[in-house]
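Accompanying notes for the structure given below.
The values are calculated or read from the model by the stated rules, or taken from the named source; none is laboratory data. A quick note: this is a predicted structure, and the numbers were derived from the prediction, not measured. As a convention, Cβ positions derive from the backbone with ideal geometry for all residues, glycine included, and neighbour counts pool all protein chains shown. Each accessible area value is taken on the protein alone, full model and side chains, heavy atoms only, with ligands, DNA and RNA left out. Shrake-Rupley method; radii C 1.70, N 1.55, O 1.52, S 1.80 Å.
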Amino acid sequence: MRETRSDGDLLRAIAADGDRRAFEELYRRYAPWLGARLRGRCADAGIVDDVVQETFLAVWRGSARYREEGTTGDVAGWLWRIGSRRLIDALRGDGARGRLRQTLSRLRHRDEASAEERVLAGVEHGDLAGALVRLSPELRAVLQATVIDGLTTREASVLLGIPPGTVKTRALRARKQLREELA
């Protein structure tokens, strides 16, 4: 019979060796509980599932570090703090984007083509699609993460495994290159 490792042992194994089994055990131990708690705050199951995944991704990638010494909290409380912050970020993002879309739709003239229609027309004629294809994979990945997926610089940094400053630099270079090609 296999001995059950403590939460601290699991986290140390994940941080030190990238121990996949330890990560899977921690995930099985806490993901259902975290999901249930987050569903108490958000009725959208899709957002809750994403937040649970983002929480554990932060643990796996090491961007969230548990400090055992001198803390009074436990691993569940630590995971809850990460998850609840990510939920707030997700809800703020949806709310802000929704308000922006509503405001823009009220300001837009009926006979004027929307930004989406102009972009789609460019894609249809190959302008934008060609410009995107000509971007280097690194620049395209940053645009995918920050523009299409709507991640913050910090979140894109974690996802792509590069420093936040590099995310910002690549995003600026990608935008500049697209502007030049589409002008």
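Each residue of segment 12-22 was assigned a 3J(HN,Hα) from its phi angle through the Karplus expression (A = 6.51, B = -1.76, C = 1.60, θ = phi - 60°), giving 5, 5, 5, 5, 7, 10, x, 5, 5, 5, 5 Hz with x at Gly and Pro. Near Ala174, once Lys and Arg are set to +1 and Asp and Glu to -1 for all other residues with Cβ below 15 Å from its Cβ, the sum equals +4.
For Ser136, neighbours were defined as the other residues whose beta-carbon sits under 12 Å from its Cβ, and their charges (Lys and Arg +1, Asp and Glu -1) total +3. For segment 124-183, the fraction of 1.4 Å probe accessible surface lying on carbon and sulfur atoms is 57 percent.
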